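Worksheet: the structure to be examined is printed underneath.
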Amino acid sequence: MIIRFPVYGLTSQHPPMPHHRLGGHAARKRIPVDISLEVNGRTENLDVEPGVTLLDALRERLDVTGPKKGCDRGQCGACTVHVGGRPVLSCLTLVATVREPVTTVDGLATGDALHPVQQAFVDQDALQCGFCTSGQIMSAVAAVEQDVDDVREFMSGNLCRCSAYPNIVAAIEQVRRADAVV
Amino acid sequence: MTTTRIDAPLKVTGRARYGSDHNLPGMLYGHVMTSTIANGEIVAMDVAAAQAAPGVVAVYTPFDPLTLRTPTTPMLGDTWVPLQDRTVTHYGQPVAFVVAETYEQARDASALVEVSYDERPARTSLAGNLELAEDAPPGLDGEPSSSVVLAEGVESIEDALASSPVVVGGRYSTPTQNHAAMEPHSAVAHWDADGLTVYSGNQGAFVQQADLAAALEVDPSAVHTVNPFVGGAFGGKGRTSVPAFLAAAASRALGRPVKAALSREQVFTATANRPETLQEITLGADRDGTLIAVRHDSWCSADTDRSFVEPTSATSRVAYRTPNLAVSQKVVPLHIPRTTFMRAPGEAPGSFALESAMDELAVALDMDPIELRLRNGSLGPAGSDLQWSSKYLDDCYRIGAEHFGWSSRTPTGRREGDWLVGMGTATAMFPALRFPTTTEITLQADDTALVSVGGSDPGTGLLTVMALLGAEALDLGPERITPRLGLSAYPPGGMSGGSTATASVGSAIVAAASAVLEELQSLASAPDAPFAGQDVTYADGRVLGGGRSMTFGELLSALGRDTISAIGSAAPGEEMTKHSFSSFGAQFCEVRVHRWTGDVRVSRMLGVFDAGRIVNDQAARSQLKGGMIWGVSAALHEGLEIEDDGRLANGDLAGYLLPVNADIPEIDVQFVQHPDTLHNPVGARGIGEIGVVGMAAAVANAVYNATGVRVRHTPITIEDLLEGLPS
């Protein structure tokens, strides 16, 4: 039997799509979007297609590579950044929609002085390979700022395959204890 | 010793650059495309639309391939290279590589390639294809995959079991698993006058250098692999990855740097997985619990090239003392993604089966599971005269039982409101191995030292261990040591694999330090040198002689030298003829099973490990906790579902379940530290894998203790428990 259908490269789990569904893809007119974006305190101007995600804009256009691409589907949390002070998944955010300042793990420290959450991650060994760490830290900063009731639940959108979970909780508790003293 | 991770400040600030974090001028992006059938031939590919798409520079397929040769290494055998033939052997096999100016353009254009297949029926079920089973080849250690040891006068394992007063047995199964390291396989490659440079996370820069040189038919000296940071590996980055081969070859063909990364979905099909296993175990024992006979027959899935065997039956060779033992290992080739090493290969699924069976035997004997294990402790591998060099498993159990409150356990668990609470235990073992390794030590005029090796630290803590052991060997503070790894320019060794890096690199550091200090002293006392003609010694960073001393930096400056360097090598040797070597551990866990919903929550965990000397206490605890969580993951979460046509039902991080923070309780790790200097001069045995071993069984045994339901497969789901829960 010979079957004929396109390779579906983007999400190989999807059933094959009929040919005509993809036929117009290449012919579609591409309209770049001018964007002005504040990233870690710097204003950046970009000229990108509308489908570009915040994550790919940061990593591939602006060389801000702290946020990581672990899944590109909002399933792992490694791409977590703050937009307007709120944690968002930058892989599920189109850069053209971003209006508020963006903070990534790269912009968290003040000069050589680590943010207290960064320092706590070092102290508590809350990382191993470090690939999920930038996302973990951005979620952890939010957990501290929001003074969340259930740290484990709040942090459950950030996968860590090295499984530093108990140490991540300990890092957040270290910062909360220090804040309580102040 | 304990110190925070040396690379932690870089990792918490985003400054640690992993493979795909490199952006080079003029860089192109490659996107891999994968097959939508599991078995067949590619008849034709239409790439016209993709080639015409915006920004596309090249489309490579088996009809218009990038030439790649198959690399072969003694440890890994052949490594598959993509796009070289038109036969499809599994769903999700790379079949094209589209290169464009931007990532989005490459990705979008890849959807325009059309493939015509001549599809054949796929075989994907292990249980449904046991008639295809083949005897597994001998293991890496040369041990035959099947063997029988019988006591004098016993005719067969069947006779030994038949004459055993108590016999238990069962069929256990574990699913296909994926390493799911957070960093998908990726690479950035470029060529210049010096040859090829590749940034791509892997388990040993020198391994990747050799693979790429062979695949691209260039001299290894023209291949420079750079990966000081690796976003997790767990065995899944031992072989050079598809994006690394393709980016390197495309970059050569196009004369521009190329970046390529697998999508998360492609990681599940275009790298390699842990095989699925079926295991049949029968244990025969005397009424006092003394084992009389052990039989362990295993089948594992494999890809059609049979590139890997998951040696689960080997677990029964080492764990317990028995006069009669029969083990066999078979492999079943299927149309599934390739299979490979994954954290504790053999031991992880093998210990699930054996340690569950031991728990069943304890129940049948009405005996404490710890007492049963202690009664049958092994002195060495079955059939070998070489006893364990150092074994304190009994201490692990004694300390663990005390700290965990094991004495409060009842044979039928306890009830707290709607929660059924149970405790389980299991033995963990992992062989102590090391590989030939060379390190270089450089003493510098500023009184610091460099310690370099081409291996990798994918989260293991090797970099920090190198600073600590370098400091010890050079009699300096660790802050004066700069450890360096992850470059093929450094000496070969220290591959992250087999829980070997600390013992391997540590031994080579001892040798290199000895060589460089000898060189230093000989320079110091040479004619016209500051200590000319004198007997000199070295301590605390200083050369001493004739009643005075200089730091090595001062001495180098006086000699007009910036540095002196020496290499040192170490490899397994005569000790292998005298002892067998293994790490040991006792795993404990408590689970709470909801009596109405069957929901299983792990509420407490403890692991007590006898792994020789622990070099860096903090990172060692972290690594073992991570391993134990992998055991929970195996027990309750992860398993790849391969459908009849070869598709993966759950090949992404939404469907392939991994524990999240809320799934994991506080974990306690304790060490019984007896440096094993019979194994290596540092006295450390590996800890990277043993944390996983036994924990899935400990969870399953705790579930049995809580509910009375014995589940002989992983992952254990609510459906497995609902029917059997006590009313």
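Observations, loosely collected:
- Chain B - percent relative contact order, Cα under 8 Å, separation 6 or more: 16 percent
- For chain B, the spread of Cα positions along each principal axis, largest first, Å: 83, 78, 54
- Spatially, segment A:30-75 and segment B:1-44 are offset by 18 Å when compared through their Cα centroids.
- Highest mean packing comes first when the peptides A:114-122, B:533-541, B:169-177 are listed by Cβ atoms within 10 Å, giving A:114-122, B:169-177, B:533-541.
- Annotation: segment A:30-107 has a Kirkwood hydrodynamic radius of 12.2 angstrom, from the mean reciprocal C-alpha pair distance.
- By the beta-carbon count within 10 Å of each Cβ, the least crowded to most crowded order of A:MET138, B:MET423, fewest first, is B:MET423, A:MET138.
- Shape of segment A:109-182, Cα gyration tensor, a/c cut at 1.5: oblate
- Stretching the chain fully between B:THR410 and B:THR304 yields a gain of 33.4 nm (0.36 nm per residue, less the alpha carbon separation).
- Relative to one another, the C-alpha centroids of segment B:564-633 and segment B:473-500 are positioned 22 Å apart.
- Dipole moment magnitude, nearest 20 debye, chain B about Cα centre, only Lys, Arg, Asp, Glu C-beta charged: 960 debye
- Taking amide H positions as modeled 1.01 Å from N, with prolines and chain starts lacking one, the residues under 5 Å from B:ILE292 and 5 or more places away or on another chain are B:GLY284, B:ALA285, B:ASP286.
- Average partner coverage of B:105-115, which counts Cβ from other chains inside 10 Å: 5
- About the Cα centre, charge dipole magnitude for the protein assembly as shown (Lys/Arg +1, Asp/Glu -1 at Cβ), debye: 960 debye
- Anisotropy class of the protein assembly as shown from Cα gyration tensor, a/c 1.5 cut: rounded
- Debye, to nearest 20: dipole size of segment B:437-571, +1 on Lys, Arg Cβ, -1 on Asp, Glu Cβ: 180 debye
- In terms of packing, defined here as the mean over residues of other Cβ atoms within 10 angstrom, the peptides B:623-633, B:674-684 line up highest first as B:623-633, B:674-684.
- Estimated FRET transfer efficiency (B:MET75, B:ASP192; beta-carbon r; R0 25 Å; 0.05): 0.25
- Eigenvalues of the alpha-carbon gyration tensor of segment B:248-382, scaled by 5 and square-rooted, set the equivalent ellipsoid semi-axes at 42, 14, 12 angstrom, largest first.
- Using the Karplus relation 6.51 cos²θ - 1.76 cosθ + 1.60 with θ = phi - 60°, the per-residue 3J(HN,Hα) values for segment B:154-163 come to 8, 7, 7, 5, 4, 5, 4, 5, 5, 8 Hz, with x marking Gly and Pro.
- Residue (of B:SER351, A:THR97, B:LEU476) at the positive-pole extreme of the protein assembly as shown, dipole from beta-carbon charges: A:THR97
- Pairs of Lys residues in the protein assembly as shown that lie 8 or more places apart, or on two chains, and have C-alpha atoms under 22 angstrom apart add up to 13.
- Residues whose amide H comes within less than 5 Å of that of B:SER582, counting only those at least five positions distant or on another chain, are B:SER389, B:SER390, B:ALA432 (H built at 1.01 Å from N in the peptide plane).
- Geometric descriptor of segment B:437-571, per residue, is 91 Å³ (volume of the convex hull of the Cα atoms).
- Under 5 Å, built H, 5+ apart or other chain: amide partners of B:ALA96: B:MET33
- Chain B: DSSP helices with Cα axial extent of at least 15 Å and average Kyte-Doolittle hydropathy no lower than 1.6: B:462-474
- Peptides B:240-247, B:384-391 ranked from most to least packed by the mean count of surrounding Cβ atoms within 10 Å: B:240-247, B:384-391.
- Part-to-part distance (alpha-carbon centres) for segment B:374-407 and segment A:126-182, which is given in Å: 37 Å
- FRET efficiency, 1/(1 + (r/R0)^6) with R0 41 Å, evaluated for A:ARG42 and B:ARG561 via beta carbons: 0.40
- With a 10 Å cut-off around each Cβ of B:644-652, the average count of Cβ atoms from other chains is 2.
- Calculated from backbone phi, Karplus (6.51, -1.76, 1.60) coupling profile of segment A:142-149 in Hz, x at Gly/Pro: 5, 4, 5, 5, 8, 6, 5, 6
- Within 10 Å of each Cβ in A:62-72, the average number of Cβ atoms from other chains: 6
Rule-based calculations on the coordinates, nothing more; no lab input. Keep in mind the model is a prediction, meaning the values are calculated, not measured. Glycine also receives a Cβ, built like all others from the backbone with ideal geometry; neighbour counts cover every protein chain displayed.
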